[in-house]
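Reviewing the structure listed below.
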Amino acid sequence: MKDERSGIGEKLRELRKSKRLTLAALGKRTGYSVSALSKMENERLGITYDKLTKLAVALDVDISGLFTGVAQVQGPPAIGRRSIARKGSGKTVSTGLYDYLYVSPELSNKQMVPILVKIQASSMEEFGPFIRHGGEEWIYVLKGEIEVHSEFYEPEHLGVGDSIYLDSRMGHAYISKSKNGAEVLAVCSAPAAELVEQAESKAKLLNVKPPAAVIRGRHGKAR
C-alpha cells in the first residue's frame, strides 16, 4: 500500500512520468528550469500556491491531482456534491515562509480553493519577490497581525477580524507582524487554467528542505 505521507515532490514526479514528460518538456510548459523542477521533485525547493496551480495546468490535472497523484478527468461539474472537513483535516504543505492547510483537497475542479495559512515570514527581505497568480482571493485574519504588501498600494496593516479582497494577478505578499506568526483564512478563485494563465512565480528560493506534505484525516491525525 502506498505511503500517503509521501510529499508533493513525489506526486509531481509520478504525474510527470505518467504523462511521459521529461523535466525539459515540463520546463517548456511551465517556464521553470530543469534545475528548479528537479529541486521541487526532490523537495529541496518550496512549492507555493502559484507554483502548484501552474504545474497542475502543465500536467493537465486538477490541482487535487498533485495531492492524490491521480489525474482528474475534466468534465461538467457535479450536482449536489459536498465535502465536510473536520478540524485539522486536509493537506498540509510547508514552504518555509507559509504553512498551508488545503481544505477538502479531494474535490476536483473546485471554483474556490479554501486554505488555512500560517504566515512565518516577518519581513519583505525574508519573503523575497512578490507572488502572482490568476484569479482573485479573500484573506481573513484569524490570529495575530499581518501586513499586506502589493505593487499598487501602500502596505496595509490587518488585525484579527480584518480582511482584504484583491486581484491575485497583482504582485502581493503577506507578512506576519506578530512574534509567533499569524494565521489567516484564504479563499482563492480557482478554475485552474485561469489561475495559471498569467501566473508568474517569483517565490523565494529556500535553502532548507521543507517538511513532507501530510494528509490529515477527519480527526486531524496524520495518516
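The values are calculated or read from the model by the stated rules, or taken from the named source; none is laboratory data. Keep in mind it's a predicted model, so treat the numbers as computed, not measured. We place every Cβ from the backbone using ideal geometry, glycine too, and count neighbours over all the protein chains shown.
When restricted to residues that are more than 15 Å from Ser189 (Cβ to Cβ) and either among the aliphatic types (A, V, I, L, M) or assigned to a loop (DSSP other than H, G, I, E, B) (or both), region 108-119 contains 4. Looking only at residues in region 120-146 that are of a type in the set (Val, Ile, Thr) and modelled with pLDDT of 95 or more, which one is surrounded by the most Cβ atoms within 10 Å (Cβ to Cβ)? Out of the qualifying residues, it is Ile146. On inspection, Ser89 fails the criterion of being crowded, with 17+ Cβ neighbours inside 10 Å, farther than 27 Å from Ala56 by Cβ, among the small types (Gly, Ala, Ser) and in contact with a strand residue (DSSP E or B) (Cβ under 6 Å, 6 or more places away or on another chain). For region 147-187, residues that are surrounded by 13 or more Cβ atoms within 10 Å (Cβ to Cβ), in a loop (DSSP other than H, G, I, E, B) and polar (S, T, N, Q) total 2. Restricting attention to region 87-107, the residues that are at pLDDT 85 or above, in a loop (DSSP other than H, G, I, E, B) and hydroxyl-bearing (Ser, Thr, Tyr) add up to 2.
Looking only at region 16-66, filter to residues that are buried (at least 16 other Cβ atoms within 10 Å of the Cβ) and of a type in the set (S, T, N, Q); which one of those is farthest from Gln120 (Cα to Cα)? If we take residues in region 16-66 being buried (at least 16 other Cβ atoms within 10 Å of the Cβ) and of a type in the set (S, T, N, Q), then Thr30 is farthest from Gln120 (Cα to Cα). Hey, does region 142-160 have a residue that's within 19 Å of Leu116 (Cα to Cα) and basic (Lys, Arg)? Scanning region 142-160, I find at least one residue that is within 19 Å of Leu116 (Cα to Cα) and basic (Lys, Arg), so the answer is yes.
Taken together, the residues in region 11-62 that are touching a residue at least 40 places away in the same chain (Cβ under 8 Å) and of a type in the set (D, E, K, R) amount to 11.
Checking each residue in region 1-50 for being modelled with pLDDT of 85 or more and among the polar types (S, T, N, Q) picks out Ser18, Thr22, Thr30, Ser33, Ser35, Ser38, Asn42. The C-beta contact set for region 106-124 (first residue touching a residue at least 12 places away in the same chain (Cβ under 8 Å) and farther than 17 Å from Glu156 by Cα, second residue among the small types (Gly, Ala, Ser) and in a strand (DSSP E or B), distance under 7 angstrom, 6+ apart or interchain) comprises Gln111/Ser189; Met112/Ser189; Ile115/Ala186; Val117/Ala186; Gln120/Ser176.
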